[in-house]
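Peer 1: Below is a structure I'd like to ask you about.
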Amino acid sequence: MHGRPRKDPTPEEQEAFTVKASKLRSLQSQFLQFHHAKIYTKEALDVSAKLLESNPEYYTAWNYRKLAVQHNLNLPEVDNNEESVKSFLDEELRLVENALKRNFKSYGAWHHRKWVLSKGHSSTDKELLLLGKFQKADSRNFHAWNYRRFVTTLKNIPNEKELEYTTDMIYDNFSNYSAWHNRSVLLSHLLKEKAKGYSPKDNVFTEEYEFVRHALFTDPDDQSGWFYHLWLLDQTVKLETLLVSSWPPHGSYLSLSVDGSFGDCSLSPFTSLQTNTRTLPLILYFSEAVENICSSTVVIECENIVSNELIWRSLSGDGAGSAQAWLTYLNFPEEHAHSEKAYQVKVSLVCSQGNFSSTGVHHGDSSHIEFSVSVPPRRSEHVDLKNEGKISWSDESFCTHDTQFLESVLVNLFHLERTKIDETVVDYQWNITTINNEISHCRELLSTMNCKIGKLTLARLLMAHDTLMSYAGTSLRNVSHHAEVLQLYDDLKKMDPAHLHYYQDEYSIVLLKQTISNQELLLKHCRKYRDPSFPRINNFCLRLNNLSLSRIGSMEQLLWVQVLDLSHNQLKTLEGLEVMQLLSCLNVSYNKLCSFTALEPLKLLRSLKVLDISYNEIGAHSIDTRRYLCSSPLNHRSGGDWKTEESEMHCAEVADYWEAYAIFKDLNLIQLDVIGNAVSDEKIKSLLIKLLPSLKWLDGESCR
């Protein structure tokens, strides 16, 4: 543990261990007999005490002590006798103290001491003295610090006084991570309460940055101060929750196609959307996860649409009640006129006490978006898609768009992104100035030594700076640090190969952000599908293939994408794609997806028609069965709604591939490619054909 190599015990040590184990087994046997018989006599308590003093990690024995204490306190001769009650509880405190002398990192012992003190019959005067002894033996023992917070709350010791204590402990040893952590906890309380001397928070954080800087420059390789610096950075960029993106975008004019085709395939994806149901998805994307998005916090003003009847759902891959992206559907009624009907839509977010981010931050002042939707009447004739051919993802199938058209589309995109949704003026000057100062100090430190955690912090500072500048309304075109951050992560991958995958994930996120936020770079990845005879897809394709991406991000800037190529990357999960509700065609072939559960975000994509997951690693790795109680969707969150009576398939057939069943059963795919995966055989193909009645092409061959 902690980098210390194991050593084989000597014969003497092995013999001593054998004797000790024999005694513990004897004690444990006696204890369990008393426990099962619910015997709480003095003899039984003595046995449990000896057992815990020898092995404080025996949690069952601590639970037995609680039952015994409760039993004895309820005896008639003890119930109303304060002195007897105190005697019983003091004996428990003495036992805990002896157990902690044996192992002062025992969870069970510390928890039991908390339980005894919470009874309210014991004095807390001795507790801080006891803590002093343990913290002298190990000043970083997080159990002792956690217990200290419990005791100071009981004794009503002011947070200001405890903050002074952490300062003394840090000056004594600035490698004391637990003291730094306790400092962040105390400061959070003081700032929230707006205690005297701790407001405004800008002044407090400025002093804290200076305080931690002494530790960083004294020993840059010690991580304790850097973790506290990361907490300060998080507080500096933690602003009011913002509505950062939406679909349709603010100020846009959208034309629906309601006959199942795009008609004019040259239309921009920002001005046209295919639908068969006269339904428009409305997506709101926030700067961080929020909860309680509903008809009382979001008001829709539009002809023939009743706002309080709309149902909002979180677009969260884990199904949680909070998410960055939220979805509802606007249903436009049938119009019998022969001309198009234009709808003006206004979406207002009402500032509400119930509208919190996942970190407890309120949403900012009321903000709104406005857009227009043109809905034509349904044509009497419907586009026949039955004889439509398959879509090819080969390079030959795509060509560059007309430069003038492409630039006009992307100019529209970047104009919409810069359109201010929230009219509230927020001053970010202190935040930006502070981050700039920290960037300068970090550069100064790295000029004198090659410190990996310093490089990682600089990368985080630079990205935080760019985020703040974007919130301040400044274009990132001339101020972004993406290239420098990418170089830092390249350096870190070489310096610290043990954390290669983490750095690669961060590198991927920055690379994607750089590509999408720069108009010239984005131009290189936009392609046109050559064959205009495919009315079911918009031929405007975003090709992000061959970029070595191991993770995807910047989803708030990809809500408009309908055709996406992520092939030839290193993706192991598709987390994030669930917010791309317009996505109709997706290529994730030649990645590192190792199971069908990696496709779970796709379950939320109602518009998805074409999917290529070929040449991944699905089925090549054994599934970690510890995730499941048994190999059945009945016990797994991704398949918990599985109902055998809804399927005509044999249960045994589904049981072999229940992960695939849980993913594909609600999709409406027309084309699917699974070839090149270890799991790809005739059995799985047969199952997929039964699961997907609309499927016409499987692995390039007609299946109807």
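Peer 1: What are the pairs, 6+ residues apart or on separate chains, where a residue within segment 180-201 that is without any contact (Cβ under 8 Å) to a residue 40 or more places away in the chain has its Cβ under 7 Å from a residue that is open to solvent by 70 Å² or more (accessible area, probe 1.4 Å) and not hydroxyl-bearing (Ser, Thr, Tyr)?
Peer 2: LEU191/LYS201
Peer 1: Does GLU648 fit the bill of being within 18 Å of LEU571 (Cβ to Cβ), at pLDDT below 90 and in contact with a helix residue (DSSP H, G or I) (Cβ under 9 Å, 6 or more places away or on another chain)?
Peer 2: For GLU648, the condition - within 18 Å of LEU571 (Cβ to Cβ), at pLDDT below 90 and in contact with a helix residue (DSSP H, G or I) (Cβ under 9 Å, 6 or more places away or on another chain) - is not met.
Peer 1: Can I ask one more? Could you tell me whether any residue of segment 429-449 is among the hydrophobic types (A, V, I, L, M, F, W, C), touching a Cys at 6+ places or on another chain (Cβ under 6 Å), modelled with pLDDT of 90 or more and not in a loop (DSSP other than H, G, I, E, B)?
Peer 2: Within segment 429-449, none of the residues are among the hydrophobic types (A, V, I, L, M, F, W, C), touching a Cys at 6+ places or on another chain (Cβ under 6 Å), modelled with pLDDT of 90 or more and not in a loop (DSSP other than H, G, I, E, B).
Peer 1: Test of understanding: among GLU506, GLU600, which residue is assigned to a helix (DSSP H, G or I) and either small (Gly, Ala, Ser) or at pLDDT below 95 (or both)?
Peer 2: Sole residue among the options that is assigned to a helix (DSSP H, G or I) and either small (Gly, Ala, Ser) or at pLDDT below 95 (or both): GLU600.
Peer 1: Further question: Taking VAL185 and the conditions (1) of a type in the set (Val, Ile, Thr); (2) open to solvent by less than 10 Å² (accessible area, probe 1.4 Å); (3) under 30 Å from the mean Cα position of the chain (by Cα); (4) within 22 Å of ARG149 (Cα to Cα), which numbered condition does it fall short on, given that it satisfies the others?
Peer 2: (2)
Peer 1: Pairs please, first residue from segment 542-570 and closer than 14 Å to ILE516 by Cβ and open to solvent by less than 20 Å² (accessible area, probe 1.4 Å), second anywhere and part of a loop (DSSP other than H, G, I, E, B) and among the β-branched types (Val, Ile, Thr), Cβ atoms under 7 Å, 6+ apart in sequence or on different chains.
Peer 2: Listed pairs, sorted by first residue: LEU542/VAL561; LEU566/VAL588.
Peer 1: Let me ask something else. Considering segment 651-704 alone, what residues qualify as being β-branched (Val, Ile, Thr) and under 33 Å from the mean Cα position of the chain (by Cα)?
Peer 2: Matches in segment 651-704: VAL654, ILE663, ILE670, VAL674, ILE675, VAL679, ILE684.
Peer 1: Which condition from (1) open to solvent by 60 Å² or more (accessible area, probe 1.4 Å); (2) in a helix (DSSP H, G or I); (3) at pLDDT below 70; (4) in contact with a helix residue (DSSP H, G or I) (Cβ under 8 Å, 6 or more places away or on another chain) is the one that LEU500 breaks?
Peer 2: For LEU500, the failing item is (3).
Peer 1: Can you pull out the residues in segment 669-678 that are under 17 Å from TYR615 (Cα atoms) and crowded, with 18+ Cβ neighbours inside 10 Å?
Peer 2: Those that are under 17 Å from TYR615 (Cα atoms) and crowded, with 18+ Cβ neighbours inside 10 Å: GLN671, LEU672, ASP673, VAL674, ASN677.
Peer 1: Collect the residues in segment 125-154 that are among the hydrophobic types (A, V, I, L, M, F, W, C) and open to solvent by less than 30 Å² (accessible area, probe 1.4 Å), keeping them in residue-number order.
Peer 2: Those that are among the hydrophobic types (A, V, I, L, M, F, W, C) and open to solvent by less than 30 Å² (accessible area, probe 1.4 Å): LEU130, LEU131, PHE134, ALA144, TRP145, VAL151.
Peer 1: Here's something else I'd like to know. For the condition part of a helix (DSSP H, G or I) and touching a Leu at 6+ places or on another chain (Cβ under 9 Å), what is the one hit in LEU190, LEU128?
Peer 2: One residue alone meets the criteria, LEU190.
Peer 1: Looking at LEU67, LEU52, which one is modelled with pLDDT of 90 or more and either closer than 26 Å to ALA144 by Cβ or open to solvent by less than 60 Å² (accessible area, probe 1.4 Å) (or both)?
Peer 2: LEU52
Peer 1: What number of residues within segment 55-64 satisfy the criterion of being in a helix (DSSP H, G or I) and open to solvent by 50 Å² or more (accessible area, probe 1.4 Å)?
Peer 2: Residues meeting the conditions: 3.
The values are calculated or read from the model by the stated rules, or taken from the named source; none is laboratory data. Remember, predicted model here, so these are calculated numbers, not experimental data. All Cβ positions, glycine included, derive from the backbone under ideal geometry; neighbour counts span all protein chains shown. Just the protein is used for accessible areas: all its heavy atoms, side chains included, with ligands, DNA and RNA removed. Shrake-Rupley method; radii C 1.70, N 1.55, O 1.52, S 1.80 Å.
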